[in-house]
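Before any comments, here is the structure.
The values are calculated or read from the model by the stated rules, or taken from the named source; none is laboratory data. It should be emphasised that the depicted structure is a prediction, and the values quoted were computed from it without experimental measurement. Glycine gets a Cβ as well: all are built from the backbone with ideal geometry, and neighbour counts include every protein chain shown. Surface areas here come from the heavy atoms of the whole protein model, side chains and all, with no ligands, DNA or RNA. Shrake-Rupley method; radii C 1.70, N 1.55, O 1.52, S 1.80 Å.
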Amino acid sequence: MKRCRICDGPVRETLDLGRQPLSDAFIDPTAPPGPDGEFFFRLGVGACESCTMVQLVEAVPRERMFHHDYPYRSSRSDRMREHFERTARTLLDGVRAGPDPFVVEIGCNDGAMLAAIDTAGVRSLGVDPSGRAAAVAARNGLRVRTDFFEESSAASIRAAEGPADLIYSANTISHIPYLGSVFRGVDRLLAPDGLFVFEDPYLGDILDRSAFDQIIDEHFYFFTVRSVRATARRFGFELVDVERLPVHGGEIRCTVARAGRRPPAPAVAALLAREDALGRTSGPAFRGLATAARRIRDDLLTLLRTLRADGRRVVGYGATAKSATVLNYCGIGPGLVPFVCDSTPEKQGRLTPGSHLPVRPPAAFSDPYPDYAVLFAWNHAQEIMMKEQAFHAAGGRWILYVPDVHLV
Ligand code: SAH
Ligand code: TYD
Ligand code: ZN
């Protein structure tokens, strides 16, 4: 049996998604293949029987995922940029009381959130190992340390900059297997009454939506209130507030303070009670996801094969990291989906990992419109459907596979 990365308790595996590539390892078809070919690992998930934290059973070395050329760019979504602007306004209200407040962002990527903090006139520093993304932020005048946040880097930030009043992180803390080092780093860096706020996919939403594609190499942990509270306590902190967010298919924002500094808001107990009632942290709810994944795979393959037999044109929309799990789990290649459009220049001209679908710019979508488009970026459905209204107006149909395979 595997051991929990946080508490060393036994981890019982509940879902095996098989051999998978790195979800953001887009292939340059013009470059000679490396001596070892594509990197694959086994994507399995389990729950710790002791602290309840749901986690991958195999961790990919961090440098393989988060390196200089990591292609994800936060600023590709207008809606997410607005989300960060709103978040900055709310969080900074509580930070601005003291003189010269200081905010650190873990996983700042291209600076979508840092820009909003900067606009508010608050001193900030981003930490992110992805050099090219960080360089985009730096070009916009934002300060970034190109590094992994962990105990040692946190200590050196503290020495150079003083204590942080707020440590914020979006879609990153769940990516970090070595959470103990992160919490020890937060302990070193955070001011006595400072807050550590992070938002990540919520296991409750993943189960409700059967969103098995949220399971990728980069998403190492799947948070619940119960598991985050246990983790915070283990490292001398307390979960003092939680909020559910509609972004990225359903997330939870966790606010953590040093133990004994703030009373937990009623939302913590309320959501905890809901999780218990729904059996969120026990095996059966989670095993339902395995059944749903198989059903989605069968239905999606049947639909795509029928459309191909009928001579319909189908393309993909959004070369998401999540799409790697769906494409490779279902065994979908260019024979069923000839290409996928994506607005990220760093992904265009490349092939999707494992499944090898060419990635083309969004202009290829209307040239001419296909009959059907598989929306791999389903978490951005509203934004993308709005942008591509002409596709639907011309008779095109979106294929969605969460929570089940259906047409829009
Ligand atoms: N916060 C952004 C980016 C999320 S992508 C958003 O919500 O859109 C995850 C980011 O975390 C990547 O840019 C990756 O390089 C970074 N990351 C991974 N491990 C990290 C670590 N230990 N410390 C800081 N950043 C890390
Ligand atoms: P996202 O779902 O945010 O994350 P992940 O890769 O972790 O699953 O990725 C969204 C992808 O969709 C990203 O590659 C950019 C692309 N995209 C578009 O092509 N057009 C759009 O309008 C939006 C919002 C995103
Ligand atoms: Zn555990």
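Kindly state which strands (runs of 3 or more DSSP E) lie completely within the range 21-115 and contain at least 1 residues that are acidic (Asp, Glu) and within 11 Å of ligand 1 (Cβ to nearest atom). Please lay out each step first, then the result.
Numbers: elements: 40-48, 54-56, 102-106.
Hits in the range 21-115: 102-106.
Residue by residue, here is whether (1) crowded, with 19+ Cβ neighbours inside 10 Å; (2) more than 16 Å from ligand 2 (Cβ to nearest atom); (3) acidic (Asp, Glu) holds:
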position: MET113; (1), (2), (3): yes, no, no
position: THR119; (1), (2), (3): no, yes, no
position: ASP128; (1), (2), (3): yes, no, yes
position: ARG132; (1), (2), (3): no, no, no
position: THR146; (1), (2), (3): no, yes, no
position: GLY162; (1), (2), (3): no, yes, no
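Residues are listed down the side, and each one gets a yes or a no for (1) in a helix (DSSP H, G or I); (2) open to solvent by 40 Å² or more (accessible area, probe 1.4 Å); (3) out of contact with any strand residue (DSSP E or B) (no Cβ under 8 Å at 6 or more places or on another chain):
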residue	(1), (2), (3)
GLY316	no, no, no
THR325	yes, no, no
ILE332	no, no, yes
PRO338	no, yes, no
PHE365	yes, no, no
ALA373	no, no, no
HIS380	yes, no, yes
ALA390	yes, yes, yes
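Do the conditions hold for GLU161, that is, is it closer than 25 Å to ALA112 by Cα and within 11 Å of ligand 1 (Cβ to nearest atom)? Even if it seems obvious, please write down each step before you answer.
Values: closer than 25 Å to ALA112 by Cα: yes; within 11 Å of ligand 1 (Cβ to nearest atom): no.
So GLU161 fails the test.
Which residue pairs have Cβ atoms under 8 Å apart, sit 6 or more places apart or on different chains, and have a first residue in the range 359-388 that is assigned by TED's automatic domain parsing to the domain that holds VAL247 and a second that is part of a helix (DSSP H, G or I) and surrounded by fewer than 20 Cβ atoms within 10 Å (Cβ to Cβ)?
none
Check GLU58, GLU38 and return the single one that is free of Cβ contacts under 8 Å to residues at least 40 places away in the same chain, in contact with a strand residue (DSSP E or B) (Cβ under 6 Å, 6 or more places away or on another chain) and away from ligand 2 (no atom under 16 Å from the Cβ).
Details: GLU38 fails: free of Cβ contacts under 8 Å to residues at least 40 places away in the same chain.
Selected residue: GLU58, the only one of GLU58, GLU38 that is free of Cβ contacts under 8 Å to residues at least 40 places away in the same chain, in contact with a strand residue (DSSP E or B) (Cβ under 6 Å, 6 or more places away or on another chain) and away from ligand 2 (no atom under 16 Å from the Cβ).
Among (1) at pLDDT 95 or above; (2) within 16 Å of ligand 3 (Cβ to nearest atom); (3) open to solvent by less than 30 Å² (accessible area, probe 1.4 Å), where does ARG5 come up short?
(3)
Report every pair of residues separated by at least 6 positions or lying on different chains whose Cβ atoms are under 8 Å apart, first residue within the range 283-298 and open to solvent by 80 Å² or more (accessible area, probe 1.4 Å) and in a helix (DSSP H, G or I), second modelled with pLDDT of 85 or more and of a type in the set (D, E, K, R).
From residues that are open to solvent by 80 Å² or more (accessible area, probe 1.4 Å) and in a helix (DSSP H, G or I), the pairs are ARG295/ASP404.
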